[in-house]
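Working notes, structure below.
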Amino acid sequence: MTVDPNAATQGFPSPDHRRPSAARYLVPALVAAAVAVALGAYGRVHDPAGTAFNLAGFSSTGAVKSWLATAAFAFALVQVVSAFMVYGRLRGPSWAPALHRWSGRIAFLLAVPVAVHCLYALGYQTYSTRVLWHSFLGCFFFGAFSAKMLLLRAERLPGWLLPVVGGLAFAVLTLLWLTSALWFFRTTGVTT
């Protein structure tokens, strides 16, 4: 009779039944905090350049940022709806998981140039309540996003954790959009 040395022994629990380590939650939280603090520190000590980029066809860098942020916010809305489909809260097509992944990737790619411009051209500013909150939330968003990406790869997470972290990232992105793009459009008008 041959014995499989890798087979689970009847008297011992298999490794899959172990209690999850606290490190699986602590590491993403620490990385999130480190990302947020690093971005805030860079934005605070960096001398603002005034401009980082401009795209042809736009009247100002503020317009570029506002439209990119609006597009990122629109894809984030798709993320929320597709997340409800993935988690079975809404009926959706079989390709809802792919829609969720790709809308998130596109939203992130649209948000990065906005963040680069904010950090490099403007820095971490505190001269008004709106700007202070926007600066804080921008750093917080990229920290929360980093935590979400790390948690995606973790195994045996509670079913509520990813939706909560994803919902937090969406809520912060919404506040960012309200304190930047919407404010810009209300102040200067909806222009390109």
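What the table shows:
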quantity	calculated
Net length gained if the chain between residue 80 and residue 37 were fully extended (0.36 nm per residue, minus Cα distance)	12.8 nm
For peptides 111-118, 184-191, sequence by mean Cβ density within 10 Å, most packed first	111-118, 184-191
Mean accessible surface per residue for region 47-172, computed with a 1.4 Å probe while every protein chain stays in place, in Å²	56
Share of carbon and sulfur in the accessible heavy-atom surface of region 53-149 [1.4 Å probe, %]	72
Gain on full stretching of the segment that runs from residue 46 to residue 29 - 0.36 nm per residue minus C-alpha separation	3.6 nm
Separation of the residue 116 and residue 131 label points, Cα + 7 Å toward Cβ, nm	2.4
Fully extended contour minus Cα-Cα distance, from residue 91 to residue 60, at 0.36 nm per residue	7.0 nm
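The values are calculated or read from the model by the stated rules, or taken from the named source; none is laboratory data. Values in this document were obtained by computation on a predicted structure and should not be read as measured data. Because the Cβ atoms are built from the backbone with ideal geometry, glycine has one as well, and the counts that use them run over all protein chains shown. Accessible surface is based on the protein model in full, side chains and every heavy atom, while ligands, DNA and RNA are left aside. Shrake-Rupley method; radii C 1.70, N 1.55, O 1.52, S 1.80 Å.
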